[in-house]
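A.B. asks: Handing you this structure, nothing more for now.
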Amino acid sequence: MPPTGKTRRWEPKKLRLRLFSAAAQMVNTGRRRWLRFTTRWPWTDEIIRAIDRLNALPSPG
């Protein structure tokens with residue numbers, strides 16, 4: 001599903017700003033690393049949907 005709405009029209013600089021200013025915390029548990037986003041952050045849903053779409057792609061190798 002392609003991006004829709006305002007996120008589709010984000011310029012690269014704006015996208016980079018929103019990704020790198022994400023209100024998130026790296027959590028280490030055992031051998032796993034989790035990235036926890038704050039639920040009150042305005043772009044949490046878009047970032048999570050993008051990560052899910054990337055995980056759904058087939059493995060290249």
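What follows is calculated from the coordinates using simple rules that are stated; it is not laboratory data. If you're wondering where the values come from, they're calculated on a predicted model, not measured in any experiment. No Cβ is skipped: glycine too gets one built from the backbone with ideal geometry, and neighbour counts run over all protein chains shown.
A.B. asks: Please list, ordered by chain and number, the residues whose modelled amide H lies under 5 Å from the amide H of residue 23; skip anything fewer than 5 residues away on the same chain.
C.D. replies: Residues meeting the amide H criterion: 38.
A.B. asks: Starting with the highest mean, order 45-55, 29-39, 11-21 by the number of other Cβ atoms within 10 Å, averaged over the residues of each peptide.
C.D. replies: Values: 45-55: 12.2, 29-39: 9.1, 11-21: 10.6.
The densest-packed peptide leads the list: 45-55, 11-21, 29-39.
A.B. asks: How large is ³J(HN,Hα) for each residue in the range 36-46, as worked out from phi by the Karplus curve 6.51 cos²θ - 1.76 cosθ + 1.60 (θ = phi - 60°), to whole Hz, x for Gly and Pro?
C.D. replies: Ordered by residue, 3J(HN,Hα) equals 9, 9, 6, 6, 8, 6, x, 10, 4, 4, 5 Hz.
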